[in-house]
Every structure is written in C-alpha cells, then in structure tokens.
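Rule-based calculations on the coordinates, nothing more; no lab input. Note that the structure is a prediction, hence the values are computed from the model and not measured. Note that each Cβ is placed from the backbone with ideal geometry, even for glycine, and that neighbours are counted across all protein chains shown.
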Amino acid sequence: MSISFRAAVLRTAGSPRPYARSRPLAIETVSLPAPGAGEVLVRIKAASLCHSDLSVVNGDRRWPLPIVPGHEAAGVVTEIGPEVASVAPGDRVALIFLTQCGRCARCVEGQPHLCERGTQANREGRLISGGPHLRAGAEAIHHHMGLSAFAEHALVSEASLVKIPHDLGFVEASLFGCAVMCGAGSALYSAAIRPGESVVVFGLGGVGLAAILGARSAGATRIIAVDSNPEKRPLALALGASDFVAGDGAAAAVRALVPQGVDAALDATGTVEAFEQALDCTRRGGRTVSTSLPEASRAFRFPLSRLVAEARAIRGSYIGSCVPSRDIPAFVGLYRQGRLPVDKLVSRTIGLEDINEAMDALADASVIRQVIAF
C-alpha cells in the first residue's frame, strides 16, 4: 500500500534569488509504495540543509528533474521490505547519502565511499534497488542522493542508513550522515592529521567546523580557521581553533602565523579560489584536502614543478573517506563523551514550509546548519 505525504519538490533549477520570492521549492503531496526487497521506509524527524542542497537549487550541480532534495537527515523506521535484517520498525536511524553496495571493486577494496553502483544510482536520481519510486500523481519524481530527505517520509536502501541510540536527539543526529562524516572524516582519514601537527581549515560552514572538531580529536596543536565572515570567529575558537583569519589575503596571513606552512590544509568553501589559497598555505611535503563541490566546469591551477619538487599531496575527500557503518557510531560515541560537540553546529530549526527562506540564508553563509524539524 502506498503512503502520501508532504515534500519539497524542485522542478526548475537555477531560480533567481531571493529564493523566498521565486520559491523554487514547492511543498507538494507525493507518494511512495511499500518497501521492496532491501528497502526501508523512514519517517523523517529532522533534515539538515547543506550547501550541496543549495547547489541542486541554484543549478551548480545538475540533477534529473523534478526531484526532492535533501541528503542529511535522521528518522524512525516505520516499515521494512523483504530481506532487510539490520533494522526493524521503531529503530532510530541516521541516513547516508551514498549507498554502498558491498560488491563493486571500490567497496571490495575497502573504499565504500567510492561505491560505483551507489554513485551511478545517485546520478540517475533513483535508489540502488531501482526506481525512481516517488510519485506526484502519475508523475515520477527523482530521489536526491538516494534519500530525498526534505519530506515527511523517505524510502531508502537498507545500506543507506545506520542505527543510532534511542536517546540521541534527531536534530543533532541529522548532522552525522554528512557534515560530521565529511568534516571530521576529512581531518581524520583524508588528511590523516597526526598529533602535534598544524592545520588550516578554509570555510566555516557545518563541514568546515566539523573538520576543526576532527583536527582537534586527531591531536593537532595549531588549528587556524579561515572564513570571510568574522562573526564566525567565536564559534570557531570555542570548537578548538587556535587562530582565526578573515577576509582577503588569507594565505599570506596564515604564512605569517606559520612561516614554513602548515602540515595540512582543508578546504570546505565550495570555491576554487579558496582551494588555491589552501594550497599556498601548506609546507613542503604538506597535504591539501578539499571537500568542495563547485560548479563542474571550474578548475584550479598549480605549478606542476612545485607539486613535484615540494612533494605536495593534493586529495579530494568524499564523505570524509569514511565507512559509515563504522564511523557514525564512533562519532556518536565521541559526541556523547563531549569530545565532538556537534549540537553547537545547529544555528536554528525551521519548518518544511520555511525551506526557500532557509536557502537564502544558506546562500548568504549567514548560518551554520539549519535543520527542518518535523
């Protein structure tokens, strides 16, 4: 039997700002069928807004339309399909925006964050098990990142969720599937920060601030936070940054603090320009890691001779190079110990009907994480 519910549907990307006026996301009634084999129906309790969601709305990243965005969420399992063994109705879960099939070459070699089948399903706007399953009347609506979490319900693959403790709040739980893994994971795994190292983090949204938390957990002794908004300084310092740099010329300012260059630079800005500055901050033999996803045609420049002669390492980080089934429980454990205060990343909670106004605030970088609380 199908279920009908409210969802934020995007039919045209690249709408003009302010989004509060153009209202590209329309609250519509959509439906889903009962879960099939390997599928789980989840009642969404909290869905966080990430810059990647904005890139769907503004057209920086192309997705099949119409689509229900949303890829960072938590909820309660309401129904399971045949062959589902890891969760049961009533379980609380955090959702994961890349399903790992466990069978492709990337999964088998221990890099499930690069799952080939999951990536292909995401690009096609469907679940790894098929679809799309979302409908508005007879019209097919595509799934965003296998989740489509800006909705009261989501049908997902069993491999797109991880059980969380029953006493973990949904608002903070929603951040673990994206902001925490992408940020803290990029520091711990992609950049492999070691105790005593110096680090710079560009871009203090949810991912960048989570990267500061990860760098602190890894034992970095100097963590320099960089953002164009000086109002983010108090929070960055409270979360573990030792220094804050604002405005243009950030690379020179970082070099003034650490003349030889930092051991690792992490970019979470979404811009090529900031990534190039992050490159300029690292020492000989240093590592530069980016979680940014700017418009697909944008490219960066760096002298090949310096890359070789200075033995630089440049790396992209997707999902923080995490293994979600391993790392989300570990990060939740750190949060409950007070060592990963994810709740401090939440700027405010909103209703689903406020989503277009929230996209404006996200575009202005005036907030960290806004969370739709259902």
Given 319-329, 79-89, the highest-first ranking by average Cβ count within 10 Å works out to 319-329, 79-89
Determine which lysines satisfy two conditions relative to residue 45: a Cα distance under 24 Å, and not lying fewer than 8 residues away in the same chain.
163, 344
Order the peptides 346-355, 304-313, 38-47 from the highest to the lowest mean number of other Cβ atoms within 10 Å of their residues.
38-47, 346-355, 304-313
For the pair residue 29 and residue 237, what calculated FRET efficiency results from E = 1/(1 + (r/R0)^6), where r is the Cβ-Cβ distance and R0 = 35 Å, to the nearest 0.05?
0.15
What are the extents of the Cα atoms of region 183-318 along their three principal axes, listed from largest to smallest and rounded to whole Å?
39, 32, 29
In what order do 190, 22, 174 fall by count of nearby beta-carbon atoms within 10 Å, going from fewest to most?
22, 190, 174
How high is the relative contact order of the chain, in percent, counting Cα pairs under 8 Å that sit 6 or more residues apart?
18
So how compact is region 1-84: Cα radius of gyration and Dmax in angstrom?
14.7, 45
What is the antiparallel percent of DSSP beta bridges lying wholly in the chain, to the nearest 5?
55
Take each of the peptides 96-104, 64-72, 335-343, average the number of other beta-carbon atoms within 10 Å over its residues, and list them starting from the highest.
64-72, 96-104, 335-343
Under the rule of -39500 (n - 2.57) per DSSP H run of 4 or more residues, summed and divided by the residues of the chain, what mean residue ellipticity at 222 nm is obtained, to the nearest 500 deg cm²/dmol?
-6500 deg cm²/dmol
How many nm separate the modelled label positions at residue 194 and residue 313, each set 7 Å beyond the Cα in the direction of the Cβ?
0.9
Order of 202, 275, 374 from fewest to most other C-beta atoms within 10 Å?
374, 275, 202
With only alpha-carbon atoms counted, please give the Rg and Dmax of region 153-215, in Å.
14.0, 45
Cα-based convex hull, the chain, per residue volume (Å³, whole number)
126
Fewest to most neighbouring Cβ within 10 Å: what's the order for 300, 150?
300, 150
